[in-house]
Amino acid sequence: MKKVFIFGSLLMSLASFAQDVHFSHTEFSPLTLNPALAGANSPMQGVVNYRSQWNSVATPYSTIAASFDTRFNENKRAKKGIIAGGLNFYNDKAGDLKVSSTCVNLNLAYHLILDQSSTLGLGIYTGYGQRSIDPSAGRWGTQYDGMSYDPSMATGESFDNQSFGYLDAGAGMVYTYKTDEGYMTQNIQRLFNIGFSAYHLNRPNYSFVNAADDKLYIRYSAFANANIGIANTRGSFLPGIYYHRQGTAQEFLWGFNYKYILSEGSKFTGFTRPMAAYLGVFNRWKDAVVAKFIFEWDQVSAGFAYDINLSSLSDVSKARGGFEIFLRFNAGDGGGFRSRI
């Protein structure tokens, strides 16, 4: 059993080498989903995300991310398009080998205004990434003497690059359709986002052993989500579908949030702030069921998600996948995933 655990931990670390970070609150990590989402649904927003997983199986995998995006010409009248920019950062630490990835990206996006309800956006990003590994922290098969693990035995492994940097670039497109909610009591707003993106288009070298053919796979991402007000009620339905493919690895996440307005807020005096709560359930195909909760107070949103593992690893994980939290500040009425007051 110990041998299985040693090899399992190692394989989980190695599997993380060529896969991007991902969040269950995908819609609240916009710039890791699609660079064209900069400025798409809000004049200005900042988001911080944290995720921890596999604590029940091995050394926890942890990811922290932060992004900021803003529109540059929001107050310009009679504009034909929206110019926006963003900054995205994340750090990911994985497994016993302490595989660490740190990336900082700059985003630029332009959203062509098609009509009063629709925009078509194109976004690009460029950035710098840093990766490192600590082989001495791992448990290798050669350190198993047939009876037990012996850390004094030689690993037999050699890593030429235990730390290196690389340049990165990618692009994406987003179509957005939104309508006004009318009067607050009507609750008839409609918002639809459909997008496609490609990350790591330059395919940077991603090898710790100087393998010339070990390039980072392009990650292709496609998504569609919506915010549909249920007329003359306090409720809204927010479905979403997210698909990512990177090399042979793929992820398909689908489900919905239900939003309930706790307080409508005062429209003119501002004495009462709008409040809403969300409950959601999503499914990550062949992997997990995700339960979500979000609380929104005026321009601030906070959310929690928990993955209930259903994959073949559930015998070891006891269905405990990982948890995730986020905090978002949304300045201004962008018609995004918040109440439009």
Count of residues meeting criterion [part of a strand (DSSP E or B) and open to solvent by 10 Å² or more (accessible area, probe 1.4 Å)] in segment 23-51: 5
Residues within segment 231-257 that are farther than 30 Å from HIS200 by Cα and either more than 20 Å from the chain's Cα centre (by Cα) or at pLDDT below 95 (or both), tallied: 7
Some residue of segment 152-168 being open to solvent by 70 Å² or more (accessible area, probe 1.4 Å) and at pLDDT 90 or above: yes
Segment 185-210, subset farther than 29 Å from CYS103 by Cβ and outside any strand (DSSP E or B), residue modelled with the lowest pLDDT: THR185
Within segment 259-290, tally of residues that are at pLDDT 95 or above and surrounded by fewer than 16 Cβ atoms within 10 Å (Cβ to Cβ): 5
Selection count where residues are surrounded by fewer than 21 Cβ atoms within 10 Å (Cβ to Cβ) and in a loop (DSSP other than H, G, I, E, B), scope segment 59-117: 17
Any hit, segment 329-338, residues being outside any loop (DSSP other than H, G, I, E, B), modelled with pLDDT of 85 or more, open to solvent by less than 70 Å² (accessible area, probe 1.4 Å) and within 26 Å of ILE261 (Cβ to Cβ): yes
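The values are calculated or read from the model by the stated rules, or taken from the named source; none is laboratory data. Because the structure is a prediction, the values reported are computed rather than measured. For neighbour counting, all protein chains shown are included, and Cβ atoms are generated from backbone atoms with ideal geometry for every residue, glycine included. These area figures cover heavy atoms from the full protein model, side chains too; ligands, DNA and RNA do not enter into them. Shrake-Rupley method; radii C 1.70, N 1.55, O 1.52, S 1.80 Å.
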